[in-house]
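Notes follow the structure.
The values are calculated or read from the model by the stated rules, or taken from the named source; none is laboratory data. Quantities reported herein were computed from a predicted structural model and do not represent experimental measurements. Here the Cβ is made from the backbone with ideal geometry for all residues, glycine too, and neighbour counts use every protein chain on show. The area values use the complete protein model at the heavy-atom level, side chains included, leaving out ligands, DNA and RNA. Shrake-Rupley method; radii C 1.70, N 1.55, O 1.52, S 1.80 Å.
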Amino acid sequence: MKAVRVPKERAEEVRKLAEKKGVKDRRRRILAAGDFVEIPIIDGSEDLFSDYEIVEQVNPVFSSKMDLKSELKGIVPEEFIPSNYKILGDILMVKLKEEARKYSRTIGEALLKLNPRCKAVWCDYGRVGMLRKPRVELIAGNGSETLHRENGCVFKLDVSKVMFSLGNQAERIRVAKMVDEGEIVVDMFAGIGYFSIPIAIHSRAERIYSIEINPDSYRYLIENIGLNNVRNVIPILGDSMFVTPEKVADRVVMGHIYCQDFLPAAVRAIDGKGVIHYHESTPEAVIERPIRRVEKACSRAGRRCRILNFKKVKNYSPGVYHVVVDVEVY
Ligand SMILES: C[S@@+](CC[C@H](N)C(=O)[O-])C[C@H]1O[C@@H](n2cnc3c(N)ncnc32)[C@H](O)[C@@H]1O
């Protein structure tokens, strides 16, 4: 499934062009990925966009309203019909309003009917705690384990036990492509290998220490190392507050939105000079808070730092952003 990938400021121009030519794929949503936007187009219409970059859309978000509306007409009140959903491997994930819960089975069955390659529909109620465990409920079909492909990597996971944020896809490949040959990387919140696996596949890093505290995620991390046939990922089961190796790293990935307390351990992990990718969920009113926190942690450790980049990864909730700071520590 193809899409035209353009910088945000050119999105409207391409959307209008696709509409005018009648080749905008209405089944899929326009997606923002970092500073870029993907406009879905009907396969075979690529030649009309020869001045633009065409990509294969790996994780499309489907617009469900039209099909679902006719499927559920007179059965489910229109305001409870979800307007979109996501697909992880062969599992469909959908968010429903609290009041729509009594229709969840009916909505799930309809979604399954419209997506016959999916084996199950899970309702997504968010994530809890530091382990970011998913709060989900099976609403149609069977099965919770799947193989999801993105950025040339394959991830095995159980959607009822571990999270997978499709919205972080662009960030995962961005970081992987920054890693230079021979680097030692520490991934302090490795999960099932969200960052470690793309880094191993898309860079020539010497070694990646992948620390994960949750045994369920750790089990999938081990499986994903095998499935992707990567040999330089060293999995470590434990709390990165205590087991992060010191003075080894050229790069530290802090892919957790509530990890400010772990900044001292990240700074200690750097060997002389290196880069930290620090994530945080921050309200717009204090949007620069992550930068201040990083600077403070470096200064407390007697280290100097230089902010290389600061960007939004995605909208987290109304008025709150998931952001990342790239900082060089020396
Ligand atoms: C939410 S995931 C990261 C998601 C990732 N940023 C992405 O690209 O989607 C964070 C992971 O950190 C793990 N974690 C939380 N606290 C930890 C700790 N103290 N030490 C190691 N891992 C931890 C959680 O179990 C979870 O697997």
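Summary table
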{"quantity": "Residue among R127, R101, R132 that is more than 25 Å from I39 (Cα to Cα), without any contact (Cβ under 8 Å) to a residue 60 or more places away in the chain and within 17 Å of the chain's Cα centre (by Cα)", "calculated": "R127"}
{"quantity": "Which listed residue is within 16 Å of the ligand (Cβ to nearest atom), surrounded by 14 or more Cβ atoms within 10 Å (Cβ to Cβ) and in the same structural domain as P77 (by TED's automatic domain parsing), from V136, V128", "calculated": "V136"}
{"quantity": "Residue ranges of strands (runs of 3 or more DSSP E) in segment 112-225 with at least 3 members out of contact with any Phe, Trp or Tyr (no Cβ under 7 Å at 6 or more places or on another chain)", "calculated": "120-128, 133-141, 145-150, 153-158, 207-212"}
{"quantity": "Any hit, segment 66-86, residues being in a loop (DSSP other than H, G, I, E, B), under 27 Å from G143 (Cβ atoms), hydrophobic (A, V, I, L, M, F, W, C) and touching a strand residue (DSSP E or B) at 6+ places or on another chain (Cβ under 6 Å)", "calculated": "no"}
{"quantity": "Single residue of V154, V175 found to be open to solvent by less than 10 Å² (accessible area, probe 1.4 Å), modelled with pLDDT of 95 or more and under 14 Å from the mean Cα position of the chain (by Cα)", "calculated": "V175"}
{"quantity": "Members of segment 180-192 that are open to solvent by 10 Å² or more (accessible area, probe 1.4 Å) and either within 9 Å of the ligand (Cβ to nearest atom) or among the aromatic types (F, W, Y) (or both)", "calculated": "F189"}
{"quantity": "Single match in S63, S104 (criterion: hydroxyl-bearing (S, T, Y), under 28 Å from V323 (Cβ atoms), buried (at least 18 other Cβ atoms within 10 Å of the Cβ) and out of contact with any helix residue (DSSP H, G or I) (no Cβ under 9 Å at 6 or more places or on another chain))", "calculated": "S63"}
{"quantity": "Number of the exception - W122 against (1) within 16 Å of the ligand (Cβ to nearest atom); (2) closer than 15 Å to S165 by Cβ", "calculated": "(1)"}
{"quantity": "Residue selected from segment 193-216 under the condition open to solvent by 10 Å² or more (accessible area, probe 1.4 Å) and either touching a residue at least 60 places away in the same chain (Cβ under 8 Å) or within 11 Å of the ligand (Cβ to nearest atom) (or both), by the criterion nearest to V252 (Cα to Cα)", "calculated": "F195"}
{"quantity": "Segment 276-325 - residue that is crowded, with 16+ Cβ neighbours inside 10 Å and in contact (Cβ under 8 Å) with a residue 60 or more places away in the chain and, of those, farthest from Q260 (Cα to Cα)", "calculated": "K314"}
{"quantity": "Every pair of residues 6+ apart whose Cβ atoms lie under 7 Å, when the first sits in segment 150-169 and is in the same structural domain as A200 (by TED's automatic domain parsing) while the second is among the small types (G, A, S) and away from the ligand (no atom under 12 Å from the Cβ)", "calculated": "Q169/A33"}
{"quantity": "Residue count for segment 66-82, restricted to those that are among the aliphatic types (A, V, I, L, M) and buried (at least 17 other Cβ atoms within 10 Å of the Cβ)", "calculated": "4"}
{"quantity": "Filtered residue count, segment 237-262, keeping only those that are more than 13 Å from the ligand (Cβ to nearest atom) and free of Cβ contacts under 8 Å to residues at least 40 places away in the same chain", "calculated": "2"}
